[in-house]
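Reviewing the structure listed below.
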Amino acid sequence: VREHAAELSERLRRGLVSAIPPAVAAVHLLAFYWAARRAAVGTDGPLVFTHSGWSPPLGWVVWLVVAGLGAALVAAASRGARASTSSGGRPSSSPDPSLPG
């Protein structure tokens, strides 16, 4: 996308920048859940597995919440990327004249 950015319309580019991080976050969370479920109860076990025969230290609920928070942070990255894209990748305010450089 970055290589051919000049060929993409601004609206499409913003749409891609906004849509990709939440999609990546959703896939990551689903993959984590599926792997955790398989480790806890196997492929034929129940979909809700918080009380299983095996669980990691601190239990499944804690790690599912941590994975959910990580996915939320990845999804939130689209907000920062959107702000950066709308300002042309430059900071929106002028630099501090007292700083060297």
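On segment 3-79, 70 percent of the accessible area sits on carbon and sulfur atoms, based on a 1.4 Å probe. Extension gain, Ala77-Ala35: 0.36 nm per intervening residue step, less the Cα-Cα distance, totals 12.7 nm.
The string of couplings for segment 65-77 from the Karplus curve (6.51, -1.76, 1.60, θ = phi - 60°) is 5, 4, 5, x, 5, x, 5, 5, 5, 5, 5, 5, 4 Hz, one whole number per residue in order, with x for Gly and Pro.
Fully extended, how many nm does the chain gain between Ala23 and Arg11 (0.36 nm per residue separation, minus their Cα-Cα distance)?
The Ala23-Arg11 span can extend by a further 2.5 nm.
The values are calculated or read from the model by the stated rules, or taken from the named source; none is laboratory data. Remember, predicted model here, so these are calculated numbers, not experimental data. The protein model used for the area step is the full one, side chains on, heavy atoms only, and it has no ligands, DNA or RNA in it. Shrake-Rupley method; radii C 1.70, N 1.55, O 1.52, S 1.80 Å.
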